[in-house]
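Okay, so here's the structure we're looking at.
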Amino acid sequence: MTPVAAEVPAANAAHQVPTVLGRASQRSQETTRAAAPFNREDADIVIRSSDNVEFHVHRIILSLASPVFAAMLTLPQPPGDNPTRPVVDVSEDSETFGIFLQMCYPLEEPRLTSFPLIRKVLACAVKYEAPRVLSSMKIALTRPGLLEEDPLRVFALACYFGLEEEAALAAEKAVIDERVLGAECAELNDISAAAYHRLLKLHRTRAVKDDAKHRGLRCIVVDHTDVGPFCEQANPPRAPRPQLESASHPFGLPDADVIIRSGDLVDSHVSRSILMLASPSGGILEKALRVTDGAVPVTPNEDCPDQHRGLPVYSIREDSVTIDALLRMCYATDHGHIHDLDVYLDVLTAARKYQVPKAERIMRAIFPSLVDQAPLRLYFAATECGWVEEARMSAKQLLQVHDIPSIYRQYLPEMETVLNGPYYRLLNYVEACSSAATATHVLSTGKHSSLSCDGRYPSEFSTDENLSWNNSFRFSSFKNALRDRPSSSTLSANAPLAREFVDAVMEGLPKEHSDYHSNGGGYQRSKKSILECGSSTITEWMWAVLDCYSAAVDLAVEKVELEVV
């Protein structure tokens, strides 16, 4: 027998019924009888845990507590050592299942204070659809002790199991206590990227305001108004795209012996042997639904030879555009270049689903040409495929075209189903790039050696310094800008801040740069000033500073490596 999965997320937990074992001896290890009250002689069924502890329980109680058990116990039971007391194997360990049973029975409920144990019992309650146990676990999860100890962990567990009220409560606590940014929480990897995105959105609403009820007091408030539900897994409908009216060459050749029918009912007449070569595991035919066996003629197609009528038909859910592109990659024919991002992602998904390695290789080769279109979408696609270099390429491109605040605000429908791990690591990467760009850099312009000029326009200085002549511009302004956009583009000649720097340098020119200086009762031309620290020298220094700073930022950011698991 195959045991039931140890833990099932809320969205997939329904109707997963344990398999019944008829004989306790089918497990090789010795069994242990559970302690009271799960050792009674009047029990009429035995539940055996993964560590071989046998719980002697009552059908009626389990049936009332769990519709999953109620459905399972109506099935005929195979004979065993004790025909009146069949044995059911479950994958939970004895500690987890024992607590689950205590909450099903009219007994005093245990007080749970361990996050790992709460997670296991919650998984058990969701899998067996036990409402009373689930209610008890909601209370356990949001008790003040656990909520104070680690609200972020409470939030992650609540999101994982689809507990919206508990997730909202924990999110607010985590935001108010400043426990969101920079916190370590392994469970965050298991929730959706959208849930974490909404948590960060809530964090941005955090504000300190006067308490309306208590004069002179101030309080921290958050605003849930535009945040949305944390546990929502909505898949908004995509805009329809033009489909193919019919399949074209080469999907109508005389050697075709199989019909692949798309979700929009376009038939492609293909060769079974070519499909098997393209997908050695037989992915396309294995995963498709066979709707006719050849004895039943299919809908006639005037463009197809008569011998194609009555071929076996395999129906798949993907549309004709996706399937046409995928099948062309199976054949030795020109498959064209895919420019539409939606089509690209659909074909890539189909290539992986139907296990067509050649198509996946082609899609990987196309990837760099599309990354400029939507780097975040392609980042998620790359991480899903395990493409490390492509994921890093997408992350770098994302920083080139978006500043960090806009990256945090960016939402994609795919985030509802993408796990948060890749998204969390991406945000860590952009923050690391920000730190690298705003670190202290020593700039060496090397443009002059004159002591009189070097005192005001040094050939080497730190970005933490403020030059003595400069009152209208501080280098900290560069750091503030680089914090949000850690890229040399922030320091380019056309960037607003670079122009401010140029203006400040020009305004800071000393008086002798008027070409004359006072000499007693008159003025004379300052040859030394022009030769040693003239305006052309200062202009060269100014551009050299921007070039050196840009190079230092790019070098520092380039050393930051995105973690891709």
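At a glance:
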| item | result |
| --- | --- |
| Above-threshold pairs, the threshold being 25 Å between Cα atoms, out of 120/173; 201/396; 173/201; 358/559 | 358/559 |
| Solvent-accessible area per residue for the stretch 86-151 (1.4 angstrom probe, square angstrom) | 37 Å² |
| Listed residues 58, 214 arranged by accessible area, highest first, probe 1.4 Å | 214, 58 |
| Quotient of Cα Rg and 2.2 N^0.38 Å for the stretch 106-212, N being how many residues it contains | 1.12 |
| In the stretch 173-223, the GluC sites (Glu not before Pro) that fall in loop regions by DSSP, at most 12 other Cβ within 10 Å | 178, 184 |
| Reciprocal mean inverse distance between Cα atoms of the stretch 38-187 - Kirkwood radius, Å | 16.7 Å |
| Aspartates and glutamates with Cα under 20 Å of residue 479, excluding same-chain neighbours fewer than 8 positions away | 403, 431, 460, 464, 465, 500, 503, 547, 554, 558 |
| Restricting the stretch 352-385 to trypsin sites (Lys or Arg not before Pro) in coil, as DSSP defines it, with at most 10 other Cβ within 10 Å | none |
| Alpha carbon convex hull of the stretch 103-146, volume per residue in cubic angstrom | 62 Å³ |
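The values are calculated or read from the model by the stated rules, or taken from the named source; none is laboratory data. None of the values given here were measured: they were computed from a predicted structure. Using ideal geometry, Cβ is built from the backbone for each residue, glycine included, and neighbour counts are taken over all protein chains shown. Accessible surface is based on the protein model in full, side chains and every heavy atom, while ligands, DNA and RNA are left aside. Shrake-Rupley method; radii C 1.70, N 1.55, O 1.52, S 1.80 Å.
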